[in-house]
Structure formats: C-alpha cells, structure tokens
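The structure appears below as structure tokens.
Any read-out appearing in this document is the output of simple, stated calculations on the displayed coordinates, not a laboratory observation. In this text, all values refer to a predicted model and were calculated from it rather than measured experimentally. A quick note on method: Cβ atoms are made from the backbone with ideal geometry, for glycine too, and the neighbour counts reach across all protein chains shown.
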There are 2 protein chains.
Amino acid sequence: MLDSNWFSEPHAPAGSAISFRIKQKLHSEKSEFQQIDIYETHDWGNLMVIDDCVMLTTRDNFLYHEMMSHPALFVHARAKRVIVIGGGDCGTLKEVLKHEEVEEAIQVEIDERVTRLSEQYFPELCTSNSDPRAKLLFIDGIKFMAEAEPESIDVIIVDSTDPIGPAEGLFNEAFYQTCVRALKPGGILVQQSESPLVHMYILAPMRASMKDAGFAAVRTLLFPQPAYPTGWWSCTMARKGDDLLSFRERDASNKPFRTRYYNTDIHRAAMALPEFVREAFGE
Amino acid sequence: MLDSNWFSEPHAPAGSAISFRIKQKLHSEKSEFQQIDIYETHDWGNLMVIDDCVMLTTRDNFLYHEMMSHPALFVHARAKRVIVIGGGDCGTLKEVLKHEEVEEAIQVEIDERVTRLSEQYFPELCTSNSDPRAKLLFIDGIKFMAEAEPESIDVIIVDSTDPIGPAEGLFNEAFYQTCVRALKPGGILVQQSESPLVHMYILAPMRASMKDAGFAAVRTLLFPQPAYPTGWWSCTMARKGDDLLSFRERDASNKPFRTRYYNTDIHRAAMALPEFVREAFGE
C-alpha cells in the first residue's frame, strides 16, 4: 500500500498503476473542460495530472515529446506548416520549432488553462512560445481541422489525452478524413497511440480508421514513457503518400539542435515491431 | 492512494512505484535466503515478489526472458554450453533451450524455493525443466563461477535480482574475472542491467567493471519491461572477443521456434542507444 505521500494513477483497463512520491500539491483547479492538478514530486520534478491521468513529469516528458515530433519531421522532406492538436503543455511545439524548415507552427489546444499552468510549472517546455513562427490557439481541434483549408498543412501532430472525454473525437475516421483533406500531398499525421501491451483494442482500430480515411501508409513507432501506463508507449504516423520508412538520415545525423532521446538509430529502432505487435497488426 | 487491493513496489531511489491490482495472496514464505510472496492479480496473471521487489508477472515476463537469451545466442556462432546464474523462475532456461545448438544448459539458482514456487505458480515457464539438456543446481552462482573449468562455457546469463542482498556479488569486477576465465574465446556474458533512466549509477560502473575484467566488447540492449521500475529495462552483453554488433541474422529470421517479442528487427533496435545513454556511456 502507498500512503498519501504518493500520487497514483490506477489504470483500470490494465490493472496496473504508476505512482510518484510527492512533496506537495502545487495547484488544483477545475477548468472549463477538465480537472487539472499539479504536484511537486521528490524525484521527477513537477507532475501534471488531468482528470486523474498523468500527463507529464519534468523528468521523462522528453521521451514522448521528441518521439511525437522528430520522426515525422525527418520523414517529411520539408515541413513548412505544422499543426499540433492538443499539446497544451507546449513540449511538442518546442520540439517542432527546433526544425529550421518550419515556417509556422500552430498549437490548437482546447483548454487554455493547460498552457497557462505549463508556463508556470513547466517553463522549460514553453521557451519557444514567443517564437515568431509559433501561434497558440485555444479552440476545438476537431473544428479547426474540419475548417482547415484543403492541402494547406505539412504535418499534423495529435498530442491528445486518451480517447475518452474531450479527446474522443480525435480517434475516429471522420476526424482522420478532415486530416487527409487538410494535408498537402506527402503530408503526415502523427498521433499518440497508447500502450502496445494493454491498448491494442485502441491501437489496431485506430490504424484501420486511418487507412479507411485514405492514408496510404501507416506506421507505428514504439518508445519508453515511464509516466504512462505500462511505461511503454507508441505514436502512429499516417501519410498522404506511400512511404514512411525512409527519412532524411543525413539531416537527422547532423541536426543542429540537441535531443536527449531521439537520434537516427532510435528513429530506425522505434519502427521495429515485436512479434506480438506484428501479429496484432496483421503484418 | 491505492488500497489493499493493490500490490505496490515503491522504488525508493527512483521515487516511483509500479502496482498491480490483486485478487489474492497465493503464497508467502521466508526461505533460507529471502522473503517470497506470490499473488494472483486481476490482469497480469500471477505475480512473484522477492524481498518486496517484483520479480515477474505471467503477462509480461516474456519481454525480459526473451531479451536475456536470444540476442546473445544469435550473436554466438554456436553456443553449446550455457550457464544461467540465478533465473530460478526457469523462464530464461526455457528460452535458452529453444536453441537446438545448445547441448547443455545449467541453471545455478541459490534458492531452490524460487524454482519450486515457479513450478507451481508459473508452470508455463518450467516446461523445459525436464529437457535432458537441462540441469538445475541450487548452489551459489558466485562460487560456481569461481570453480568453473577455464574456457568451458559459451554463454553465461546472469539473471539476478538487483545488486543488493544475495545478488550484490554478481555485479563486480571480481565476479566478471571468473566469467572471463570460464568463457571460451568468443564466449558471451549477459547480465540484466537495470533501468537506463534511473539506474545509470549501477549500469555505467557495471560496464566499466566488465571492461576492466578483460571483456573486449561490451554492449547494452534496451527493452520494455512494465513490471520493473520505470517500465524500461536493459541487459548488457560482454564478450571475450571483439564483436557484439553482428549476429546470425538469417538464423534469427528463420528460427524454428516462436517468440512474442524478439525478432531480427527487435535485436537490431535494442542496440540503438538514446542520446542521453550515449553521453552517459561516453560513446
């Protein structure tokens, strides 16, 4: 048993829980959309929790944020216009803006409070918010995509919560169709796609919906993420085009910015699928 | 807070905890060496806990057991004689014996009770215990290695608990020297080497000790393991020889046995090191 010095996220479908030892609760509020709590932990920096689900910790968010952005941006020949749906902590936006070829990066987060609290408690993730190429919108991402100009976007990154509550509409074919329409030829959609070990019931149908919506290529990348259920997570790339295997390896090897997880070896490695995942994907 | 329906392993150095929802405690005993508890979980099958540390669950032990055995056995040209130090649950032994080239596999577990309880609560891991090539010894692995015939072993797999308590002596240069002596030229030592994110203070010195002991090549492989702290784990291979990069890829692709995690892509992928790990290793 863990006492009140620990924050725990019991993950009911998986029957497992991940916990962090905490020093104090720093903030708690019910925003227009969800319950947001911030804790100071002993060993993981600050911790943001939305509707009782861990969103990020200071210590390990680099894994997720780097893998949500760099693989897609090094697969794309030259992503000039990037949209982040969700991602209110601004960590994905920051990684996207490390790419010099990006001319405009728009973060479309429904809940402004997530960003304001991130500015306060995760300031290191928000250092690019004032980049002249960055635009922060606090509106509904589903509506934004439905109204987006056809063939106007190079990369869409869906950095959302789990597919329950506000994010539910980001995991279905109708949404993916709006993405297909809004992407330029060769454009790429990236979506966080849960744990391969315990969420195959979400991941496999999600991939099928992407294909049904018209994406010619779909590829799931795996990476560690200790703060999320099972500590093993995935993102799935879908392309309006037929190749997600090759990437700009030389540019990735000579990238003019620092990463802590991502590199060319990791990019290739993330595409390796375990036997049970291949079987589940029918590959 | 998690109530008494959960088993939790709070991992003090990391300030995080992993928990499983349990149905009941199946067994509890203090053996000659350690406290052993077995639980039935809701979603992870059975759970073995030694001295309050999770050893394995039915659901996810395949990740660890496959990665402790198959990479080394496919790097080695033809491992005829394999020693497993620890590994009392017999899961590693079972994976080793899937390789036809193995003529003798000796499991050297100090605590016979671990194996007897595994036979009862994890019978699927013990199905090869009666293989005529298998030998189960219940003696001290450190002493076994110290007394081993020089150049008599092809692969040594140290499938131990953490480097505190009985396993402490398995993580130092003196032990590695006995391994170097006992291995044939080209022989390989594999050791579980903790979490890259929170145990670098164990992992980096361990690698240095292996090199100091005379291993020419040392390589750390990363893989997911939800039941262990951070859900991200590693094993380290050390070779009495200079190559750990190449492996029998064709044999691995055409392996005549089934795995659930390991395949050739995963083998290569496991060797990819994230930026922060490369920096910590000085590579």
Next item on the list: Please identify every one of the GluC sites (Glu not before Pro) in segment B:28-126 that sits in a loop by DSSP and has no more than 16 other beta carbons within 10 Å of its own beta carbon.
Entry: B:Glu32, B:Glu100, B:Glu101, B:Glu103
Check: Angle between the Cα long axis of helix B:112-121 and the longest principal axis of chain B, 0 to 90 degrees, nearest 10?
Finding: 60
Check: If the cut-off is 29 Å between C-alpha atoms, which lysines fall inside it for B:Lys255, apart from same-chain ones fewer than 8 positions away?
Finding: B:Lys80, B:Lys94, B:Lys98, B:Lys135, B:Lys184, B:Lys240
Notebook entry, point to check: By how many degrees, between 0 and 90 and to the nearest 10, does the Cα long axis of helix B:173-182 differ from the longest principal axis of chain B?
Noted result: 60
Check: Sorted from shortest, what are the nm distances separating the label point of A:Lys211 from equivalent points in the other copies, each placed 7 Å from Cα along Cα to C-beta?
Finding: 4.6
Margin query: Let me confirm one metric for peptide A:222-232, namely the mean number of other chain beta-carbon atoms within 10 Å of its residues' beta-carbons.
Written below: 6
Notebook entry, point to check: Between B:Glu168 and B:Arg116, how many nm apart are label points set 7 Å from Cα along the C-beta direction?
Noted result: 2.7
Margin query: Please give the Cα centre distance for segment B:121-187 versus segment A:225-283, rounded to the nearest Å.
Written below: 35
Margin query: Which three extents, in angstrom, do the Cα atoms of chain A have along their principal axes, listed largest first?
Written below: 52, 45, 37
Item checked: Angle in degrees between helix B:61-75 and the longest Cα principal axis of chain B, rounded to the nearest 10 -> 0
Notebook entry, point to check: Semi-axes of the equivalent ellipsoid of segment A:6-57: what are they in whole Å, largest first, if each equals the square root of 5 times a C-alpha gyration tensor eigenvalue?
Noted result: 17, 16, 7
Next item on the list: Note the distances from A:Ser152 to each other copy's matching label point, with points 7 Å along the Cα-to-beta-carbon direction, in nm, sorted shortest first.
Entry: 7.6
Item checked: Full-extension gain in nm, A:Leu245 to A:Glu101, via 0.36 nm per residue minus C-alpha separation -> 49.8 nm
Check: Any idea what the dipole of segment A:168-283 comes to, in debye rounded to 20, about its Cα centre with Lys/Arg Cβ at +1 and Asp/Glu Cβ at -1?
Finding: 520
Next item on the list: Could you work out how far apart the two model spin labels at A:Met200 and A:Glu32 are, taking each label as a point 7 Å from the Cα in the direction of the beta carbon, and quote it in nm?
Entry: 4.1
Checklist line | Spin-label model distance (nm) - B:Ala77 vs B:Phe257, 7 Å beyond Cα toward Cβ | finding: 2.2
Next item on the list: Per residue of A:275-283, count partner chain C-beta atoms within 10 Å of its C-beta, then hand back the mean as an integer.
Entry: 2
Margin query: Suppose we consider the axis relating copy A to copy B; can you name the residue of A with the nearest Cβ and state that distance in angstrom as an integer?
Written below: A:Gly231, 1
Margin query: Under the rule a/c < 1.5 gives rounded, and otherwise a/b versus b/c splits prolate from oblate, where does the protein assembly as shown land using the Cα gyration tensor?
Written below: prolate
Item checked: Nearby aspartates and glutamates by direct alpha-carbon distance to A:Lys211 (threshold 12 angstrom, same-chain neighbours under 8 apart not counted) -> A:Glu173, A:Asp242
Next item on the list: Calculate how many DSSP beta bridges within chain A are antiparallel, expressed in % of all such bridges and rounded to the nearest 5.
Entry: 65
Item checked: Computed magnitude of the charge dipole of segment A:56-118 (debye, nearest 20; Cβ of K, R +1, Cβ of D, E -1) -> 40
Note to self: Label position 7 Å from Cα toward Cβ: report the copy-to-copy distances for B:Glu29 in nm, one decimal, ordered from shortest.
What the structure shows: 5.7
Check: Just B:Pro196, B:Pro166, B:Pro229 to compare: in a GNM of chain B, with alpha carbon springs under 10 Å, which one fluctuates most?
Finding: B:Pro166
